[in-house]
Structures are given as structure tokens and as C-alpha cells.
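Following: one structure in C-alpha cells, then a few remarks.
The values are calculated or read from the model by the stated rules, or taken from the named source; none is laboratory data. Predicted, not measured: the structure shown is a model, and the values here were computed from it. Here the Cβ is made from the backbone with ideal geometry for all residues, glycine too, and neighbour counts use every protein chain on show. Heads up: the accessible areas ignore ligands, DNA and RNA and are worked out on the full protein's heavy atoms, side chains in. Shrake-Rupley method; radii C 1.70, N 1.55, O 1.52, S 1.80 Å.
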Amino acid sequence: MSIVLFSFACSPGMAADTYSCQAKEQLFLNDGGLVRAKPQMDWSPQFMIDKNTGNAVGEIFLGSPTWQIMQRGSTGSSLVSQGRVMGQRVYKVVIYGFNERKEKPFIIENRGSEGVFEIFSGTCK
């Protein structure tokens, strides 16, 4: 996976047009309708996302999703991209690009596992 991330990051002209992100928390929706943090997140998955196309690669995204940018990030809005696997929306990535700090918070909805809804959050640079 690191080779894929490296080649994605080193493509000509891509560095300024990509976010490099790291998840810091993983949450699950439980049977009682509550969102709870995974007790011990034993890994810190990383991913990269193109600011112009919404294409994302990384350890969180399984099944080789095809990406569609739903909203371009700006000083007043979030970058929103959706990933589909076999025609079904599985991932939704939201990066708060309007945040003035260098690190931008993100959230990912993952509906990839049968009957499981998980959320990742962290920061991008």
C-alpha cells in the first residue's frame, strides 16, 4: 500500500493538489443506535485524496472504488467525494477544507461491510 501512496504522491504536479491524511479514531454504530469509539484503534490508516477529482487511495478503501467528487472544497465549503464499489455507494469522504489551519479535519463513512456502518476521523495536510 505504501508504494501505491508513494506513486500517487509523486506524480508530476500532484503534491499541491492532494491531501495526505491519517485516521485518528474509528467509530461503529451499535445495535442500540449509538455511535461508539473502537476501544483500542490498533492501526492508524493513511490515505491520499486528489483535491480536483476526489480520487482516493489508501488503507481504509477496500474493493478498488471508483470515485466521484460531489463538492469541491473551498474557503467556504468541504471537499466531498463518494466511492462506489460494484455500483453501490460504499464510502463518503468529507474534508473540511474551509478550516484556516494547515491540518484539515476529515470524516469518512464506510458502508463496505455487510450490515456494518463505521466512521473514521482524523486530519489531512
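Table for the structure above
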read-out	value
Condition met for Phe120 (closer than 21 Å to Glu25 by Cβ, modelled with pLDDT under 95, among the hydrophobic types (A, V, I, L, M, F, W, C) and not in a loop (DSSP other than H, G, I, E, B))	yes
Complete set of residues in the range 72-113 that are free of Cβ contacts under 8 Å to residues at least 60 places away in the same chain, within 20 Å of Leu27 (Cβ to Cβ) and among the hydrophobic types (A, V, I, L, M, F, W, C)	Val80, Val90, Val93, Val94, Ile107
The range 70-108, subset β-branched (Val, Ile, Thr) and over 15 Å from Asn52 (Cβ atoms), residue surrounded by the fewest Cβ atoms within 10 Å (Cβ to Cβ)	Thr75
Pick from the range 26-69, criterion touching a helix residue (DSSP H, G or I) at 6+ places or on another chain (Cβ under 8 Å) and among the aliphatic types (A, V, I, L, M), ranking: surrounded by the most Cβ atoms within 10 Å (Cβ to Cβ)	Val57
Hey, Gln22 within 22 Å of Gln82 (Cβ to Cβ), in a strand (DSSP E or B), open to solvent by 80 Å² or more (accessible area, probe 1.4 Å) and at pLDDT 90 or above or not	no
Residues within the range 3-19 that are open to solvent by 50 Å² or more (accessible area, probe 1.4 Å) and either hydrophobic (A, V, I, L, M, F, W, C) or at pLDDT 70 or above (or both), tallied	7
